[in-house]
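Okay, structure first, notes after.
The values are calculated or read from the model by the stated rules, or taken from the named source; none is laboratory data. Not measured: the values here are computed from a predicted model. Here the Cβ positions follow ideal geometry from the backbone for every residue, glycine too, while neighbour counts run over all protein chains shown.
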């Protein structure tokens, strides 16, 4: 059944990927209308997220953000499909990185680097552009897709510019193996999802709501003593983005626990408040709200 679904759907995806952006954006507009006004795709989740994040905004203000966010969500999905046929030159035209020299400097210091990203604007293209600009091996953590045929082609698309994708459950082992072999690398994490409640060890405010926050990148940074960088992705206009590099720390072991994570969250919050319509509100970021007492009490040590 997986193969049948693949052979039916993949030709459509590939055909869409070779269409010009003008056509894809037209199709995106149609898809947005269907998803938002007819299907009501995840509308309840989006509204709940926005109400929790912006309690001081009026209904009309939130509705405006909601519509823009859904339109951007569809654009992002279409742009991910376009990645199948994009070249490095295509991405160079559509993404600018403000201070890539910060990562280049860290790489010259002969240390591996941990990059944290978030679901704001387009979170995949900037990684491809950095790989074009920085001479270093790169590994990205990702969630495995159930259909093994789609798994293969999506990994191929996401790694076409040099990154090696490693399923999240095996990512720490990959980092350890590379560290033991003295292999310098860039490690990429998207860190604004909700952790599983049974693995929630750190709680703090995100958009004024106390929720569990992923601390894996910080734990790995302290374990291996790797600098941590946040890449801030913002939309310039439809199909065009800019990225700014924030060095959160070059010496993670010198900082108190969770300070790296808090720095990341603070920058992300500021980014969201400036342009809330470009955040990934269809993801239920607040599903563990009010469940802190149900979470494990023991702490995870960074050197474990």
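Sort through 99, 109 and tell me the only one that's out of contact with any strand residue (DSSP E or B) (no Cβ under 9 Å at 6 or more places or on another chain), more than 21 Å from residue 280 (Cα to Cα) and modelled with pLDDT under 95.
Exactly one residue qualifies, and that residue is 109.
Output the residue which, of all residues in region 184-225 that are more than 20 Å from the chain's Cα centre (by Cα) and more than 30 Å from residue 51 (Cα to Cα), is modelled with the lowest pLDDT.
It comes out as 184.
Out of the residues in region 233-263 that are within 20 Å of the chain's Cα centre (by Cα), assigned to a loop (DSSP other than H, G, I, E, B) and in contact (Cβ under 8 Å) with a residue 60 or more places away in the chain, state the one that is nearest to residue 94 (Cα to Cα).
So, considering only residues that are within 20 Å of the chain's Cα centre (by Cα), assigned to a loop (DSSP other than H, G, I, E, B) and in contact (Cβ under 8 Å) with a residue 60 or more places away in the chain, the one nearest to residue 94 (Cα to Cα) is 239.
Within region 189-215, can you find the residues that are touching a helix residue (DSSP H, G or I) at 6+ places or on another chain (Cβ under 6 Å), within 30 Å of residue 108 (Cβ to Cβ) and in a strand (DSSP E or B)?
189
Residue-wise test of (1) free of Cβ contacts under 8 Å to residues at least 40 places away in the same chain; (2) in contact with a strand residue (DSSP E or B) (Cβ under 6 Å, 6 or more places away or on another chain); (3) outside any helix (DSSP H, G or I).
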residue	(1), (2), (3)
44	yes, no, no
50	no, no, no
55	no, no, yes
60	yes, no, no
63	yes, no, no
66	no, no, no
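Restricting to region 281-304, give me the number of residues that are modelled with pLDDT under 95 and under 15 Å from the mean Cα position of the chain (by Cα).
So the answer is 4.
For region 78-93, how many residues are surrounded by fewer than 19 Cβ atoms within 10 Å (Cβ to Cβ) and modelled with pLDDT of 90 or more?
Result for region 78-93: 0.
Exactly one of these conditions fails for residue 9: (1) assigned to a helix (DSSP H, G or I); (2) more than 23 Å from the chain's Cα centre (by Cα); (3) crowded, with 16+ Cβ neighbours inside 10 Å. Give me its number.
Looking at each condition in turn, residue 9 falls short on (3).
Determine if region 120-131 includes at least one residue that is in contact with a strand residue (DSSP E or B) (Cβ under 9 Å, 6 or more places away or on another chain), over 27 Å from residue 176 (Cβ atoms) and modelled with pLDDT under 85.
yes
Do we find a residue being surrounded by fewer than 16 Cβ atoms within 10 Å (Cβ to Cβ), closer than 24 Å to residue 207 by Cα and touching a residue at least 24 places away in the same chain (Cβ under 8 Å) anywhere in region 15-31?
No, region 15-31 has no match at all.
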